[in-house]
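The structure appears right after this line, and notes come after that.
The values are calculated or read from the model by the stated rules, or taken from the named source; none is laboratory data. Worth saying up front: this structure is predicted, and the values here are computed from it rather than measured. Every residue, glycine among them, receives a Cβ derived from its backbone with ideal geometry; neighbour counts consider all protein chains shown. All accessible areas refer to the heavy atoms of the entire protein, side chains included, with ligands and DNA or RNA removed. Shrake-Rupley method; radii C 1.70, N 1.55, O 1.52, S 1.80 Å.
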Amino acid sequence: VCRVALDQNTNIIILPFHKQWEIDGSIGSVNRAIQNMNAQVIEKSPCSVAVLVDRTTLRGSRTILNGQSSYHVAVIFIGGADDAESLSYAARMVMHPHVSLTVFRFLLLGSDNMRERKIDNNLIDEIRHVNIGNERFAYQEEIVRDSVGLAASATRLGGSFDLILVGRNHQESPLLEGLGAWIGCPELGVIGDMLAEPDSERTASILVVQQQRLKGKVMKRISKPVV
């Protein structure tokens with residue numbers, strides 16, 4: 001997989017999650033071979049990589065190609081390179097006339113770290129500027145007190161959207177304090193793992209994105225995806 005991605009100058013590899021859901025929201029099957037493969041691709045990929053938790057069996061598959069239905073996408077943004085990568089892909093999705101996008105940015109109550117958030121602020125400002133007048137784009141800031149508030153707010157989104165994008169890794173923040181102790185699938189990161197928990201009320205598919213780095217440097221962005 002990694003060799004094909006390198007040969008094709010791929011921008012992102014999208015991997016299937018190793019668990020499949022039944023119609024009632026329970027886990028129907030678990031494929032450890034896929035999980036092991038995913039872990040290796042995430043570690044060695046020459047480009048960005050994402051894991052797709054596909055829950056279309058719960059919500060029902062729909063197509064936006066014929067214009068008969070709309071597709072609702074959300075981004076959970078806490079900060080860091082991986083969240084920035086997921087937001088960048090979502091910003092391309094909302095260019096489709098039948099896709100709507102809501103960006104939820106989570107901020108810690110009483111925290112004033114604008115200097116550390118400068119890169120994140122610039123990216124969000126740019127995307128908001130591009131979407132001025134776009135009724136299918138919305139931006140919302142969620143102020144929470146701690147990781148408990150973050151978890152409660154984030155999991156509530158699972159029943160309102162078709163797809164939720166989130167970064168795999170996040171910069172250190174009190175918002176994530178203690179959440180890592182409960183992680184079951186490290187390939188999804190803290191937030192992705194939490195959103196992927198079996199629950200009949202959570203019908204949104206999850207795309208967990210990691211911006212690939214080699215020797216500390218971000219890989220050059222290129223254009224052809226492998227799915």
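Looking at LEU165, is it more than 14 Å from the chain's Cα centre (by Cα) and buried (at least 18 other Cβ atoms within 10 Å of the Cβ)? Judged against the criteria, LEU165 is not a match. Taking the criterion of being open to solvent by 40 Å² or more (accessible area, probe 1.4 Å) and modelled with pLDDT under 90, the residues of region 48-100 that qualify are THR56, THR57, ARG59, SER61, ARG62, THR63, LEU65, ASN66, GLN68, SER70.
Among the residues of region 174-227, which ones are of a type in the set (D, E, K, R) and either outside any helix (DSSP H, G or I) or modelled with pLDDT under 85 (or both)? Passing the criteria: GLU177, GLU197, ASP199, GLU201, ARG202, ARG213, LYS215, LYS217, LYS220, ARG221, LYS224.
Close Cβ contacts (under 6 Å, 6 or more residues apart or on different chains) running from residues in region 190-207 that are over 15 Å from ASP54 (Cβ atoms) to residues that are in a loop (DSSP other than H, G, I, E, B) and among the aliphatic types (A, V, I, L, M) comprise VAL190/ILE183; ASP193/ILE183. Scanning region 120-135 for residues being open to solvent by 20 Å² or more (accessible area, probe 1.4 Å) and either hydrophobic (A, V, I, L, M, F, W, C) or more than 16 Å from SER88 (Cα to Cα) (or both) gives a total of 6.
Results for (1) within 21 Å of LEU163 (Cβ to Cβ); (2) of a type in the set (A, V, I, L, M, F, W, C); (3) in a helix (DSSP H, G or I); (4) modelled with pLDDT of 95 or more, shown as yes or no for each residue.
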| site | (1), (2), (3), (4) |
| --- | --- |
| PHE106 | yes, yes, no, no |
| ASP112 | no, no, no, no |
| ILE124 | yes, yes, yes, no |
| ASN134 | yes, no, no, yes |
| TYR139 | yes, no, no, yes |
| ILE143 | no, yes, no, no |
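Could you please let me know if SER153 is small (Gly, Ala, Ser), modelled with pLDDT under 90 and over 12 Å from the mean Cα position of the chain (by Cα)? Spelling it out, it is not the case that SER153 is small (Gly, Ala, Ser), modelled with pLDDT under 90 and over 12 Å from the mean Cα position of the chain (by Cα). Scanning region 136-162 for residues that are under 19 Å from ARG202 (Cα atoms) and surrounded by 14 or more Cβ atoms within 10 Å (Cβ to Cβ) turns up GLY149, LEU150, ALA151, SER153, ALA154, THR155, LEU157, GLY158, GLY159, PHE161, ASP162.
The set of residues in region 152-183 being in contact with a strand residue (DSSP E or B) (Cβ under 9 Å, 6 or more places away or on another chain) and either more than 20 Å from ALA90 (Cα to Cα) or of a type in the set (S, T, N, Q) (or both) consists of ALA152, SER153, SER160, ASN169, SER173, PRO174, LEU175.
Criterion first (under 20 Å from ILE164 (Cα atoms), hydroxyl-bearing (Ser, Thr, Tyr) and at pLDDT below 95) does SER45 satisfy it? No: the conditions fail for SER45.
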